[in-house]
Each structure stands twice: as C-alpha cells, then as structure tokens.
Amino acid sequence: MGQQQLLLLAISLIVAAIAVLAGIEAVQQGIRQSAADRLVDRGLTVASAAVAWKIRKDPFVGGNASYAGLATNGNAKIGLSDTTEAGVVVITAATDGTLEVTGVSLRYPELGIRTYVEEYEVLRTDVKFDGSITIDD
C-alpha cells in the first residue's frame, strides 16, 4: 500500500510541474502578445497623425496632400517621439500617396510591426515575432 501511495504522489508532482510550466509559457505568450498590441497601437497612432498632417495645407504646417515631407524626420514633424515604452516606431518610407510605419519592441527585439497607408486608408499592419522586421531595412 505504501508503494502505491508514493507512486501516486510522484505522478501528482510530475503532473503539477507540467501544469506550472504550461502556465508560465501561457503567461509569457500573453505578455509578448500584449507588447505586440501596444506596438501596433503606436504604429496606428503615428499613421493617424501622418494622415492628419497630410490633410493640412502648407501655411498650417501640413503636407499639402502629400506624405513626401515625412520621409526624413517624420515623427518630429507630426509631433510624436520615436521611442516610447512600447518600442521604437518611425516612418520608414513616405511618398506622395503612400506611407510606411515600422516599429520594433525594446523588450523583445525580435518583435516588429509594419503599417502600410495608402492615401487616407490603413491597408494593413504586419506583425512578426521572428526578427524579420527591423527599422534599418
């Protein structure tokens, strides 16, 4: 009878350890997804501010219906900083009618987002957890 109880105790400990490890992994995945959500939110904030900048006329510090003026130092022109607690989010490409916003997480360097805007519409936001999105490319 004692051996059976010890066996049940050992099996219970193994099952509990597996459950704890699975729980830790689930929490870590949730934290990474939360970081991705914050980065996407910041990318959309930059894109929205850029659209508002494009609409304004030149005497009012606007783009005169073009994103091209945001190609260099774009975040400063729209009044937003490049770095937040979510990560670094900058305008990486801008033409008359298109805009590309790229962000990389500070906490998870392999996490990157890229938001594409055409005219006044956000086309899509790509989120990658594999390090393939960087600000330098």
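The values are calculated or read from the model by the stated rules, or taken from the named source; none is laboratory data. Since we're looking at a predicted model, the values are computed, not measured. Note that each Cβ is placed from the backbone with ideal geometry, even for glycine, and that neighbours are counted across all protein chains shown.
Couple of notes before you dig in:
- Gly62 assigned to a helix (DSSP H, G or I) and either loosely packed, with under 10 Cβ neighbours inside 10 Å or not aliphatic (A, V, I, L, M) (or both): no
- As a summary of the residue check, Ile14 satisfies the conditions (1) under 25 Å from Ile133 (Cβ atoms); (2) at pLDDT 95 or above; (3) of a type in the set (Val, Ile, Thr) except for the one numbered (1).
- Tally of residues being of a type in the set (Phe, Trp, Tyr) and more than 20 Å from Arg114 (Cα to Cα) across the stretch 26-81: 1
- Applying the condition of being more than 11 Å from Gly43 (Cβ to Cβ) and surrounded by fewer than 22 Cβ atoms within 10 Å (Cβ to Cβ) to the stretch 93-104 and asking which residue is nearest to the chain's Cα centre (by Cα) yields Ala93.
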